[in-house]
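Structure first, then comments.
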Amino acid sequence: MTAYCETCASIGNIFTNHRLFLLHGEGKYIDILEKTLYNSMLSGVSLSADRFFYPNPLESEGQHERQAWFGCACCPSNVARFVPAIPGYIYASAADELYVNLYISNSAEVEVGNNTVSITQKASFPWDGIAELVIDPSRNGKFRIKVRVPGWAVNEAIPGNLYRFDDQIDEGYSITVNGETHKFPIENGYAVINRRWEKGDRIGVDFPMPVRIITADERVEADRDKIAVQRGPVIYCAEWPDNNTGNVLNLVVRKGSEFTTEFIPDLLGGTQIIKTKGIQTKRSQGKEPILLAEEEQVTLIPYGLWNNRGPGQMMVWLPVTPESARPLPAPTIAYRSIVRASKMTRALSALNDQQEPSGSNDRSITYFHWWPDKDQWEFVQYDFDKPQTISKTRIYWFDDGPEGGCRIPDEWEMLYLSGKTWKPVSAKSPYTVTKDNWDSLTFEPVRTSAVKIRVRLNKDFSAGIYEWIVE
C-alpha cells in the first residue's frame, strides 16, 4: 500500500514480462502481464482517454484525481504508445508452435514455421471467461497451438507465494476443439493442442470466474487482517459513489461474507460489479474506542475503472477487523472545524482525520505539505463550528528525508483569533520541533472561534503535517 505504483512502472512491468515470456515461453509471465494490463496500467488512464494518473494508489482519501498533463509527462506519452501495441501481446509463434496468450476479440495473421495462420477470436474477457478461436491456416498442416491456462483459473492468485487465494476451488476449466472437450497436456502454463489443423477448425475455452478472496503473506504488514477481491484477472475496489455516505476507508468486511456479482451495462461503460456486506466503524470519545454500525451493502467495482466519477475515498485491501480499518473520526474540536492553509489542497483533510503515523516518513497515511516552497512562513488554520475554550495542542510533522524535499520546520507558533486580531497564545511549555514524535504545547486557556499555526520553513527544505490536535 505504500508502493509508488507509477503508471510508467506498470507499463515497464508489462514490457519486462513480455520479454521474459519471449525468452522462456512460460505462461507465468503472461499471468503477470495480464493482471498488470487489466488493473494498474488501466487505472492510469481515464475512460475519456484524456486524463492520467502518475502513481496508482491502492487507497485514497479523495486527494487523488487524474490530470490532463504533468510537468514530467512520461506517463501520458507512455500510455499513448503502449495501448496501440496491445495486439502484439495476444499471440506469439516459434518454429511449429502458435501461442495464444490473451483472450481479446481480434483478427490476426501469424507466421508459424512456413505456414501463415489466420486467427479470428471472439471473447468477452474480462467479464466472462469464454472465448472462441477460428483457425484458418494457409494450408492444412500439423503444428502445436499452445493455449494459456491463466493461473487464476487453477487456484494461483499470482506467480510466487506473496499473495494467495483464501480457498481452493474445484470448478475446472474446459477446452474444446471443434466442439469436443479434451484433456490436453499442460506445458509451462499452456494446454498443448498438437494436431493437423484445417481451415475452419475451432478452439473454445471456458475459464470459470467465481469471486475469489486474496490474502497476503503475513509479513506484508500493510495488508495484515485485510483481503482483496478478484474475479478472473480483475482486482476490485470499494469506491465512494457506490457506498453509503461515500465513506469506504472505515468499512469492515467480515471473514466468510458472501459475494455476488452482476453486469451493469450503464455503469462506467458497462462493467461487472461485486456486492457483499460490511460494517462502518467510527471512533468514539467514550469508553468504547471504536463503534460499529449496522451491517450494510458494500459494492465493489474494477480497480482499473476507479476515479472516473470524481475524487473520493477508494480502497482495494478491505479490512476484516475493526482494528485494521480507518474508523470515521470522533467529533472532536479539530474534526468539526473548517481547515484552511496558505496552500489549499485536498490533502488538508489529513490534519484532522485522526490517523497517527508510525513516524515522520510514514507514507501509508495522508499528510499535508507545502512542497516545493521553502525559506518562508506558512500557516494552517482551524475555524471552529462555535467558540471553544482551549489550552492544549499537539502536532506531528512530516519529514521525508534524506531523499525527499520536506524536513521538520525551523520553528512554529500558535495564534488565536481575538475579535478580528490574531494573537499569540501565552505558552506554559516551550515550543519544540521534533521528528518521529508529537510536539505538544500547553498555554493559558483562551476562548476563540479560530486558531492558526504559523510555520517557518527551512531555507533548503519544505515541510508538512500529518495531524494537528486542539484541546
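For this structure, a couple of remarks:
- Residue pairs meeting the criteria (Cβ under 9 Å; at least 6 apart or on separate chains; first at pLDDT 95 or above, in region 254-274; second acidic (Asp, Glu)): Phe263/Asp128; Leu267/Asp242; Gln272/Asp128; Gln272/Glu262; Ile273/Asp242; Ile273/Glu262; Ile274/Glu262
- When Glu403, Glu411 are screened for being in the same structural domain as Asp353 (by TED's automatic domain parsing), under 35 Å from the mean Cα position of the chain (by Cα) and not polar (S, T, N, Q), only Glu403 passes.
- 3 or more residues in contact with a helix residue (DSSP H, G or I) (Cβ under 7 Å, 6 or more places away or on another chain): qualifying strands (runs of 3 or more DSSP E) within region 214-295: 234-239
- Output for region 303-339, where each listed residue is outside any loop (DSSP other than H, G, I, E, B) and surrounded by 15 or more Cβ atoms within 10 Å (Cβ to Cβ): Tyr303, Gly304, Leu305, Gln313, Met314, Met315, Leu318, Pro319, Pro322, Ser324, Leu328, Val339
- Residues in region 328-382 that are in contact with a helix residue (DSSP H, G or I) (Cβ under 9 Å, 6 or more places away or on another chain), closer than 24 Å to Asn458 by Cα and small (Gly, Ala, Ser): Ala341 alone.
- Scanning region 344-369 for residues that are over 29 Å from Asp385 (Cα atoms) and within 18 Å of the chain's Cα centre (by Cα) gives Asp362, Arg363, Ser364.
- For region 329-343, the criterion of being under 21 Å from the mean Cα position of the chain (by Cα), under 23 Å from Ile279 (Cα atoms) and either touching a residue at least 60 places away in the same chain (Cβ under 8 Å) or not assigned by TED's automatic domain parsing to the domain that holds Asp436 (or both) is met by no residue.
- Residue match in region 424-432 (condition: part of a strand (DSSP E or B) and surrounded by 13 or more Cβ atoms within 10 Å (Cβ to Cβ)): yes
- Of all residues in region 43-53 being part of a loop (DSSP other than H, G, I, E, B) and in contact with a Gly (Cβ under 8 Å, 6 or more places away or on another chain), the one that is nearest to Val234 (Cα to Cα): Leu47
- Flag for Asp385 being part of a strand (DSSP E or B), assigned by TED's automatic domain parsing to the domain that holds Tyr466 and either acidic (Asp, Glu) or touching a helix residue (DSSP H, G or I) at 6+ places or on another chain (Cβ under 7 Å) (or both): yes
- Residue that is surrounded by the fewest Cβ atoms within 10 Å (Cβ to Cβ), among those in region 178-199 that are touching a Gly at 6+ places or on another chain (Cβ under 8 Å) and in a strand (DSSP E or B): Arg196
- Within region 59-92, being part of a strand (DSSP E or B), closer than 23 Å to Glu239 by Cβ and not acidic (Asp, Glu) holds for Ser60, Gln67.
- Count - residues of region 125-169 that are surrounded by 20 or more Cβ atoms within 10 Å (Cβ to Cβ) and within 24 Å of Glu262 (Cβ to Cβ): 8
- Residue in region 365-383 that is among the charged types (D, E, K, R) and at pLDDT below 95 present: no
- All conditions in (1) free of Cβ contacts under 8 Å to residues at least 60 places away in the same chain; (2) not in a strand (DSSP E or B) hold for Pro159, with the sole exception of (1).
- Only listed residue being free of Cβ contacts under 8 Å to residues at least 60 places away in the same chain, in contact with an Asp or Glu (Cβ under 6 Å, 6 or more places away or on another chain) and either closer than 17 Å to Leu348 by Cβ or not aromatic (Phe, Trp, Tyr) (or both), chosen from Arg407, Arg454: Arg407
- Of all residues in region 433-466, those that are hydroxyl-bearing (Ser, Thr, Tyr), assigned to a strand (DSSP E or B) and within 30 Å of Gly401 (Cβ to Cβ) total 4.
The values are calculated or read from the model by the stated rules, or taken from the named source; none is laboratory data. Just so we're clear, the structure is a prediction, and the values are computed from it rather than from any experiment. In this analysis, Cβ positions are derived from the backbone assuming ideal geometry, glycine residues included, and neighbour counts consider all displayed protein chains.
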